[in-house]
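Below is one structure, written out as structure tokens, with a few remarks after it.
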Amino acid sequence: MKKNKLIKATGITLGVIAFIALAGSAFMGGYVADRILHQNDGKDTKDASLKQLEIWGYDTEAFLASYEGTEVSATASDGNVVPGTFFDGQKDECVILVHGAGGDRVSIYPLAEQYILRGYDVIAIDQRGCGDNPDGRLTFGINEQLDVAAMVEYAREQLGDSKVIVHGQSMGAQTAAVYASNVVPGSAEAADAVICDSPVPGMELILREMFGDGDTDSFTAVYLTGTSKIYMKLINGIDYDDADTIEVVRNDNIPTMIIVSDRDEVCLPDQVEAVYDNIACGERAVMHVNSEHIMGVIDDPEGYMEGVTEFLTSAGL
């Protein structure tokens, strides 16, 4: 009798422990998922862009004084209205520029200037969770790709540009890669070429690196990423695997260039090369720059754009 009571008590205790562990994991998963989606809440991404450009020594005021931009917008398939700034060039070609995490469209103006100088139409957009984009949730390209598709179609149908290029940096490059892997080549919303400068190699991978302070296999990294991944998929309908850049580009059939920053400590060169290796399209190119993360266009704008132009020419653009 005592033995049965002991077994029963042990079972109840273990059940309570399991329940507490499960409830705690669900709570933690929800908390982390919310922080990931709203990581820019309370942050001034516009000011962050200006401060970053100042650190780089870029003269933002001179750019704004030299080039007059026009506010434009396009509506994505999920109803989100993506804001952008349009710079009118001389060519019948438009470049959609997609900035990285933590800033807004202004952070990509050094790249915009290089395209403007070469006569391209340019549209710099705000990603979700950044700048003036009304959607406050940042999803590592999963939802942001819809904004890119909408702006590509806008450039074709509203601006009349016959050729459209998408060029992203860091998380913006991840967005560009995810986008290229989910549009049908030849459609109005499909770009003629995509350029990804130092793309984030994957949503789950970068989160595990962040949570584990570089150790992707640590308990903290595995636990926080794992619980948030389950919660995000079940509750928010967002699957980390859909932003696994290295894997999704197996469906990228648009001419694509990958730019590797050889001194990158954010998106490691071998990870970025893995993105390139898996691109499905036969028209692909890789360019190495001797720079830190997305600094190629800052360190050597002429050399950077020479490589970009060479790729675009080979793609018939």
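What follows is calculated from the coordinates using simple rules that are stated; it is not laboratory data. Quick caveat: nothing in here was measured; it's all calculated off a predicted structure. When we count neighbours, we look across all protein chains shown, and the Cβ atoms used for this are built from the backbone with ideal geometry, even at glycine.
Some observations on this one:
- Filtered residue count, segment 278-292, keeping only those that are within 17 Å of Arg263 (Cβ to Cβ) and surrounded by fewer than 17 Cβ atoms within 10 Å (Cβ to Cβ): 3
- Meets criteria (surrounded by fewer than 24 Cβ atoms within 10 Å (Cβ to Cβ), within 13 Å of the chain's Cα centre (by Cα) and either among the small types (Gly, Ala, Ser) or not in a strand (DSSP E or B) (or both)) for Gly102: yes
- Residue count for segment 34-59, restricted to those that are in contact with a Gly (Cβ under 9 Å, 6 or more places away or on another chain), aliphatic (A, V, I, L, M) and in contact (Cβ under 8 Å) with a residue 60 or more places away in the chain: 1
- Hits in segment 31-50 - residues which are more than 18 Å from Gly103 (Cβ to Cβ), surrounded by fewer than 17 Cβ atoms within 10 Å (Cβ to Cβ) and not hydroxyl-bearing (Ser, Thr, Tyr): Arg35
- Taken together, Glu247, Glu204, Glu209 contain a single residue that is without any contact (Cβ under 8 Å) to a residue 24 or more places away in the chain, assigned to a helix (DSSP H, G or I) and within 17 Å of Val272 (Cβ to Cβ), which is Glu209.
- Residue in segment 142-149 that is out of contact with any helix residue (DSSP H, G or I) (no Cβ under 6 Å at 6 or more places or on another chain), of a type in the set (A, V, I, L, M, F, W, C), in a helix (DSSP H, G or I) and within 23 Å of Pro269 (Cα to Cα) present: no
- Positions within segment 212-242 being touching a Ser or Thr at 6+ places or on another chain (Cβ under 6 Å) and not in a loop (DSSP other than H, G, I, E, B), in sequence order: Thr227
- Among the residues of segment 72-111, those identified as closer than 17 Å to Asp161 by Cα and out of contact with any Asp or Glu (no Cβ under 8 Å at 6 or more places or on another chain) are Val72, Ser73, Gln90, Ile96, Leu97.
Okay, residues lined up against (1) in contact (Cβ under 8 Å) with a residue 12 or more places away in the chain; (2) of a type outside the set (Gly, Ala, Ser):
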{"position": "Asp270", "(1), (2)": "no, yes"}
{"position": "Glu283", "(1), (2)": "yes, yes"}
{"position": "Val286", "(1), (2)": "yes, yes"}
{"position": "Val289", "(1), (2)": "yes, yes"}
{"position": "Glu292", "(1), (2)": "yes, yes"}
{"position": "Asp300", "(1), (2)": "no, yes"}
{"position": "Gly303", "(1), (2)": "yes, no"}
{"position": "Val308", "(1), (2)": "yes, yes"}
{"position": "Ala315", "(1), (2)": "yes, no"}
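- For segment 195-218, a tally of residues being among the aliphatic types (A, V, I, L, M) and within 13 Å of the chain's Cα centre (by Cα) returns 4.
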